[in-house]
Amino acid sequence: MTHQVRAVVARSKGAPVSLETIVVPEPGPGEALVKVEACGVCHTDLHYREGGISDEFPFLLGHEAAGVVESVGRASPKSRPATS
């Protein structure tokens, strides 16, 4: 099963970012699906947007996220989906 989520995307060097819907697959081994409640965009993200780290666009920006684990892939024993 896949999930549609919102993402801040940098499509090309120096261009304005866009808020887009992207498709995320179920988590694989050792991965977790997190419902993001808040996310920061920092100076590192600016460097990516400006092409200073890599020029292999597009990039999904925002790597300082906080949220709730919704599901986990196999071999993820330390993470469990949240319960109400």
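The values are calculated or read from the model by the stated rules, or taken from the named source; none is laboratory data. Here the structure is a predicted model, which means the values were calculated and not measured. All Cβ positions, even for glycine, are placed from backbone atoms using ideal geometry, and neighbour counts span all protein chains on display. Side chains included, ligands, DNA and RNA excluded: accessible areas come from the protein's heavy atoms. Shrake-Rupley method; radii C 1.70, N 1.55, O 1.52, S 1.80 Å.
When you look at LEU33, is it modelled with pLDDT of 90 or more and open to solvent by 90 Å² or more (accessible area, probe 1.4 Å), yes or no?
Values: modelled with pLDDT of 90 or more: yes; open to solvent by 90 Å² or more (accessible area, probe 1.4 Å): no.
Considered against the rule, which asks whether it is modelled with pLDDT of 90 or more and open to solvent by 90 Å² or more (accessible area, probe 1.4 Å), LEU33 comes out as no.
Quick check on the stretch 58-69. Is at least one of its residues over 12 Å from the mean Cα position of the chain (by Cα) and in a strand (DSSP E or B)? Steps first, answer last, please.
So in the stretch 58-69, the residues over 12 Å from the mean Cα position of the chain (by Cα) come out as 58, 68-69.
Narrowing further to those that are in a strand (DSSP E or B): 68-69.
For the stretch 58-69, residues over 12 Å from the mean Cα position of the chain (by Cα) and in a strand (DSSP E or B): present.
Kindly provide the set of residues from the stretch 1-55 that are under 23 Å from GLY67 (Cα atoms) and in a loop (DSSP other than H, G, I, E, B), ordered by number. Even if it seems obvious, please write down each step before you answer.
Pass one, the stretch 1-55, residues under 23 Å from GLY67 (Cα atoms): 1-10, 17-46.
Hits for the stretch 1-55 are MET1, VAL17, GLU26, PRO27, GLY28, PRO29, GLY30, GLU31, VAL41, CYS42.
Go through the stretch 18-30 and report how many residues are within 25 Å of ARG49 (Cα to Cα) and either open to solvent by 70 Å² or more (accessible area, probe 1.4 Å) or touching a helix residue (DSSP H, G or I) at 6+ places or on another chain (Cβ under 6 Å) (or both).
So the count comes out to 4.
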